[in-house]
1. Label points 7 Å out from Cα along the Cβ direction at B:N141 and B:W31: separation in nm?
2. Pop a pseudo-label 7 angstrom from the Cα along the beta-carbon direction at both A:D135 and B:S149 and give the gap in nm to one decimal.
3. Quick one: order C:F274, B:F221, C:F56 by neighbouring beta-carbon count within 10 Å, fewest to most.
4. On a C-alpha basis, how far is the centre of the range A:60-91 from the centre of the range C:6-49 in Å? Whole number, if you could?
5. Can you give the angle from 0 to 90° between the axis of helix C:268-286 and the longest principal axis of chain C, with both taken from C-alpha atoms, to the nearest 10?
6. With the contact rule set at Cα under 8 Å and sequence spacing of 6 or more, what percent relative contact order holds for chain C?
7. In percent, what relative contact order does chain A have, based on Cα pairs under 8 Å that are 6 or more apart in sequence?
8. Can you compute 3J(HN,Hα) from phi for each residue in the range C:37-48, using the Karplus curve 6.51 cos²θ - 1.76 cosθ + 1.60 with θ = phi - 60°, rounded to whole Hz and x for Gly and Pro?
Amino acid sequence: MPLLKVKNVTKRFGGLVAVDNISFEIRHGETLAIVGPNGAGKTTMFNLINGVFPADEGQMIFEDVDVTNFPSYRRAHLGIGRTFQIPRPFASATVRENIAIGGMFGAAGSEVNVDEALEMADHYIDLMGLTPHRDKPAGGLTPIEKKMVEIARALAMKPRLLLMDEAMAGMNPTDIDKMVVFLKEIRDKEGIAIVAMVEHIMRAVAGLAERVLVMHQGAKLVDEPTQEALSDPKVIEVYLGKPAEELNNA
Amino acid sequence: MRQLQKFSPILPVILAYGVLLGIGLAYPGKWQLIAQLAFYCALGQAFNLFMGMTGYVDFGYVAFVGVGTYGMAVSIYYLYDKGLGLGLVLIGLVLAAVFSTGLSLAVGAVALRLRGAYFAIATIGVNEGFRYLVEGARIWNGADGMIFSRHLRKAVGRETAMALSTQWADIVVFGVAVLAAVLTLVYMRNKVGYALTALREDEDAAKVMGINVTKYKIIAFITSAVLAGLLGASAWALKLTYVYPEDVFQIHYTVEAIIIVLLGGAGTLLGPIVGALIYGFSKYFLAIVLPGFQLLIFAPVIIVIIVLFPEGTVGIFKKKIRGTALEKFII
Amino acid sequence: MIFEQLSGNLLQGVVLGGVYGMATMGLSLIFGVLKVVNVGHGAFIMVGAYVALILFQTLGIAPPLAVPVALILGMALGMLFYYTSIKKLLKGPELASLLATFSIGVILEEVCKQLFTSEARGYHWDLDKLDLGFTVLPYSKLIAFGGSILVGLLLYLWFHKTRAGMAMRSVVEDDEGARVCGINVDWEYALSFSIGIGLTVVSGVLLTMFIPVGINPYMGGGYTLKAFVIAVLGGLASPYGAFFGGLVFGLIENGSYTLFAQIPGLEPFAMTRFFSFVMLLVILLIRPTGLLRGK
C-alpha cells in the first residue's frame with residue numbers, strides 16, 4: 001500500500017489551472033523531490049496534499065483513507081506534517097512550547113499530555129542544537145533558527161509524511177550539506193517519508209531524493225528516479241539551466 | 001511538586017482578591033468602590049478568556065452579561081412563590097449559565113466559522129439584535145423590563161433579600177472573578193491554552209499542526225460567555241433587583257471590557273486584574289473631577305495602547321522579569 | 001388596501017435604501033483598499049447629521065449645501081485618523097485596526113456628547129411633497145435619493161476615468177504590484193481612507209432627511225449594523241455592490257416592518273432591527289463575501 005496516492009488532482013483559481021490532472025504515489029520511507037520552475041504549481045500541490053484548500057477534482061488517499069475532503073488538522077492527525085517556506089513559528093510562544101505544540105496535536109497527540117509533549121520538545125531541541133534558545137519567544141530568533149524550530153515542530157508531530165517546503169532556501173552550501181545529512185538521519189531513524197520541494201538547489205535534491213517529480217505549468221512533466229530526471233532533456237529544457245552539469249561540477 | 005509549581009501563578013491572583021476583599025470588609029464605607037473594582041476584575045477576566053486568548057474581538061459581549069441578568073431575573077420573578085427559598089438564587093445562576101450557553105452557541109455557530117474581521121462584524125450587532133428581540137417580541141415584558149424586589153422579599157424574607165442585594169451579590173462577583181482566573185490558568189496549562197495561543201498567533205499554521213481551531217474557539221467562547229452570564233446574574237440582577245433591556249445590552253460595557261483587558265495585558269492571567277484596578281480607580285476619581293468624561297479619555301487610551309504598548313502593563317512587566325524567580329508567578 | 005400600503009412602504013424603502021447604500025460606500029471603499037473594517041462607521045454618519053443640523057439651525061443653510069462642508073470635514077477627519085493611528089496598524093493583527101476604528105467611533109460619540117449633550121434633536125426642511133396616491137414622498141427625501149445616485153455616479157467616473165481613481169483601483173487589485181509601478185501606495189491608502197470617511201459623513205447629511213427627530217451622539221450604532229448588513233449583501237469590498245445592497249436592504253427593511261406590524265403582540269420597529277441582525281448572520285453564514293456581486 002503506498003503511503004500517499006494522488007489521483008487526477010486538479011486545482012483552479014478562477015481561470016488559471018494551477019494543478020492540472022496530476023497523479024503520483026509516495027511510498028513509505030521514500031524521499032521524493034518535487035521540482036519545477038516558478039509558477040509550476042508546486043506550492044499549490046503542497047497545499048492540496050496538506051489540506052490548506054480542497055482540490056477541485058481528483059482524490060487523495062493516505063494509507064487507504066480517503067482524505068480528499070479532510071481539513072488540514074485531520075490530515076495532521078493521520079500523519080501528514082509540514083514546514084513552510086517562510087517559517088511560521090508561533091511568535092509569542094517559546095521555542096520549547098512551539099515544538100511541544102507539534103507533539104501535542106500531531107499524529108501521536110491524543111496519547112501525549114502537555115508535560116510529555118514538553119519533554120519531547122526538549123529531545124528535539126537537543127537534537128537540533130537549539131538548547132540556548134529553549135525558553136526564548138520564537139518570534140525573536142534569526143531566520144535560520146526559526147527554520148530549525150519549524151522543522152523540529154513538524155518532526156514532533158511524528159509525521160509519516162513530511163512535506164518540506166523549500167527547507168533549504170537561503171542556506172549556504174555547507175549548511176545545505178549538513179541539513180541533508182541531518183534529514184537523512186531523521187528519515188532513517190524515524191522512518192518518515194519526505195516530500196521535499198526545492199527549487200533550484202540541486203545539491204539537496206541529488207543528496208536526499210531517490211525520486212524526482214518535475215512539474216511544469218501545473219502538469220507533471222516527469223516522475224523518475226533522481227539521476228534520470230536530472231539528465232532528462234525535457235527537464236533541462238524546461239529549466240533552461242543545466243542541472244546535470246551542475247552536479248558534475250559539484 | 002511539579003503539579004503545584006504549574007499552578008503557582010494562581011497565588012498572586014488569590015492574593016490580589018484577598019487583599020481587595022479584606023479592604024472592603026475592613027472599611028465598609030468603601031465597599032461600593034471595592035465592589036465596582038471586583039466587577040471590573042470579573043468582567044476583564046471573563047472577557048480575556050476569549051479575546052485575550054484567541055485574539056478575536058467580540059463586540060457584542062455585553063449580550064451575555066445581559067442574558068445572564070435575565071436568567072436570575074426570570075428565576076426570581078416566576079418562581080418566587082414555589083417555596084424554594086435560597087434555591088431560587090441557585091436556580092437563577094444555573095439559568096444564567098444556560099441562557100448564556102444558548103446564546104453563545106447560537107451566535108458562535110455562525111460567527112466562529114468566520115475569520116477576524118468577519119467575526120467582528122458578526123458580533124457587532126449581537127447585543128443590539130438580542131435587545132431588539134426581547135423588546136420586539138415582548139419577551140419577559142419586553143421594553144418594560146422586570147422589577148422583582150418584591151418577589152425576592154416574598155421568597156426569602158426581607159432581611160435575607162436585603163443581605164443578598166448588598167453584601168452577597170458582590171461576594172458572588174468576587175467568586176466569579178476567582179472562577180474566571182482559575183479557569184484561565186487551567187486552560188493555559190492544558191492543551192486548550194496551547195491551542196488558543198497557536199491559533200491566535202497564526203491560525204492557518206495552527207490548523208496544519210493538527211489543531212481543530214473551531215473546537216477550541218468554541219470552548220473559549222462558551223466559557224467566556226457563561227462567566228459573563230454569571231456576572232450579570234449577580235452584579236446586576238441580584239444586586240439591583242430589576243432588569244431593563246435598554247440597560248443590560250449597552251455596548252459601553254463591552255468598551256470597558258476591552259479597555260480593561262488591553263490596559264492590563266491581553267492573554268495574561270494577571271492582566272485583567274491590573275487593568276481593572278487602573279480603570280476602576282481612574283473612573284472613580286474622574287467621576288469626581290470630570291464626570292461623563294471617562295470614555296472620552298479612555299477611548300484614545302485604547303488606541304495609544306494598541307499602537308505603542310500592545311502587550312499591556314503585565315505584558316511589559318513580564319518581559320522585564322524574564323529570567324528571575326518572579327517569572328513563575330506572573331503570567 | 002394592504003397591497004397599497006405595502007407598495008407604498010416598498011417605494012419608501014427603495015428611496016431610503018439608496019441613501020443607505022450611499023452611506024455604505026465609504027465602508028466598502030475602506031475595506032476594499034485598506035482591508036480595514038471601520039467599526040466606528042456609524043459615528044461618522046452621526047457627525048454628518050450634526051453638520052447638517054448645525055448649519056441649518058444656526059446659518060439657515062439647506063442640507064444640499066451642507067454636503068460640501070461635510071465632505072471636506074469628513075476628508076480632514078479621515079486624514080487625521082489615518083496618519084495618527086490607522087497607518088501604523090495596517091501591518092499588525094486585524095484585532096488592532098478593529099479596536100482602533102472602534103475607539104475612534106467612541107471618541108467621536110463622546111466629543112459630540114460634550115459639545116451637543118445627549119438630547120435628541122432634529123430639524124425640518126420644509127419643502128413640498130410628491131403625492132403619488134398610494135404614498136407621499138417629500139421632495140427632501142427625493143433630493144437625498146438623487147444625491148446618493150449622483151455621488152455613486154461621480155465615484156464611478158472617478159474610479160474609471162481619472163488617473164487618480166485608477167491608481168486607487170490598482171492598489172485594491174494588488175498593492176505590491178502597484179508599488180512596483182511607482183504608485184505611492186501609502187498616499188493611496190490615506191486618500192482612500194479619507195474619501196471613504198468623507199462619503200460616510202456626507203451620507204449623514206442626506207440621512208437627516210429621514211430623521212425628523214433623533215439626531216443624538218449615539219445614533220450611529222444602529223446605522224453601523226445596517227451598514228454591515230448592506231456591505232455583506234453587496235460584497236464587502238465593492239462600493240457599487242454597497243449601493244445595490246442598500247436598495248435591497250431598504251426594501252427588506254420596510255417590507256418587514258409592514259409585515260411585523262400585522263402580527264399582534266410584536267413591536268414592528270424593534271422586530272425590524274432584530275431582523276436586520278438575523279439577515280446579517282444568515283448572509284455571513286451563506287456567503288460572507290457578498291450575495292450580490294458588484295464590480
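All of the numbers you see were taken from the coordinates with simple rules; none came from a lab. None of these values were measured; they are calculated from a predicted model. Cβ coordinates were reconstructed from backbone atoms using ideal geometry, including for glycine residues, and neighbour counts include every protein chain displayed.
1. 2.6 nm
2. 5.6 nm
3. Least crowded to most crowded, the residues run C:F56, B:F221, C:F274.
4. Distance between centres, Cα-based: 42 Å.
5. Orientation of helix C:268-286: about 40 degrees from the principal axis.
6. 38 percent
7. Reported as a whole number, the value is 25 percent.
8. 8, 7, 6, x, 3, x, 5, 6, 4, 4, 4, x
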